[in-house]
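Encoded as structure tokens, here's the structure I'll be asking about.
The values are calculated or read from the model by the stated rules, or taken from the named source; none is laboratory data. Just so you know, these numbers come straight off a predicted model, no measurement behind them. Positions of Cβ are backbone-derived with ideal geometry, glycine not excepted, and every protein chain shown enters the neighbour counts. The area values use the complete protein model at the heavy-atom level, side chains included, leaving out ligands, DNA and RNA. Shrake-Rupley method; radii C 1.70, N 1.55, O 1.52, S 1.80 Å.
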Amino acid sequence: GGGGGGVTHYLSEQVSHHPPVSAYVARNDAARVVADGNVCFGVSFGGNSVQGAVRGYLRVRFAAHDETYICDKPLPDIQLSNLLLGTRRVGYVGRATLRCAQSRLVATLTFAERSSGWFSGGVRNVVEGEVRRVPHDDDDAAA
């Protein structure tokens, strides 16, 4: 609403069942933005936890700026802790890297759980990140 940003159309489809893979595309012609990618989930079990691992990619194209950003992980992994014993927790874990070859910018995000301190005994979810511009001669870092 009301912002003059046009209409965004979204389409997704499960393109594989074994393993389960979903592909998606979203576009807004007025804003000249297109996003597409795919996502696949896997599950691993630990003694008192479950982790949902995410694979795939996300690509966003901003035509007005002639820039395309590619993220090597469309969503962070999810960790369910203390399923049998203790206080249950849900948190995001893992790392994602976002790159733009045109601007030479690379952003790295790390999702983790950290202790809230000695006295609180709790755990908090944190996201740490870094944005840097890679040199022109570092083609591997921006690709």
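Hey, does segment 39-53 have a residue that's open to solvent by 60 Å² or more (accessible area, probe 1.4 Å), touching a Leu at 6+ places or on another chain (Cβ under 9 Å) and not in a strand (DSSP E or B)?
Scanning segment 39-53, I find at least one residue that is open to solvent by 60 Å² or more (accessible area, probe 1.4 Å), touching a Leu at 6+ places or on another chain (Cβ under 9 Å) and not in a strand (DSSP E or B), so the answer is yes.
Quick one: how many residues across segment 18-64 are without any contact (Cβ under 8 Å) to a residue 12 or more places away in the chain and either of a type in the set (A, V, I, L, M, F, W, C) or over 25 Å from GLY94 (Cβ atoms) (or both)?
Matching residues across segment 18-64 total 2.
Being of a type outside the set (Asp, Glu), open to solvent by 40 Å² or more (accessible area, probe 1.4 Å), more than 24 Å from PRO76 (Cβ to Cβ) and more than 14 Å from the chain's Cα centre (by Cα): is that true of ARG32 here?
yes
Mind checking which residues of segment 77-103 are open to solvent by 30 Å² or more (accessible area, probe 1.4 Å) and not in a strand (DSSP E or B)?
Within segment 77-103, ASN82, LEU83, LEU84, LEU85, GLY86, THR87, ARG88, ALA101, GLN102 qualify.
Then there's this: Mind checking whether some residue in segment 120-134 is at pLDDT 80 or above, more than 21 Å from ARG61 (Cα to Cα), in contact with a strand residue (DSSP E or B) (Cβ under 8 Å, 6 or more places away or on another chain) and open to solvent by less than 70 Å² (accessible area, probe 1.4 Å)?
There is at least one residue in segment 120-134 that is at pLDDT 80 or above, more than 21 Å from ARG61 (Cα to Cα), in contact with a strand residue (DSSP E or B) (Cβ under 8 Å, 6 or more places away or on another chain) and open to solvent by less than 70 Å² (accessible area, probe 1.4 Å).
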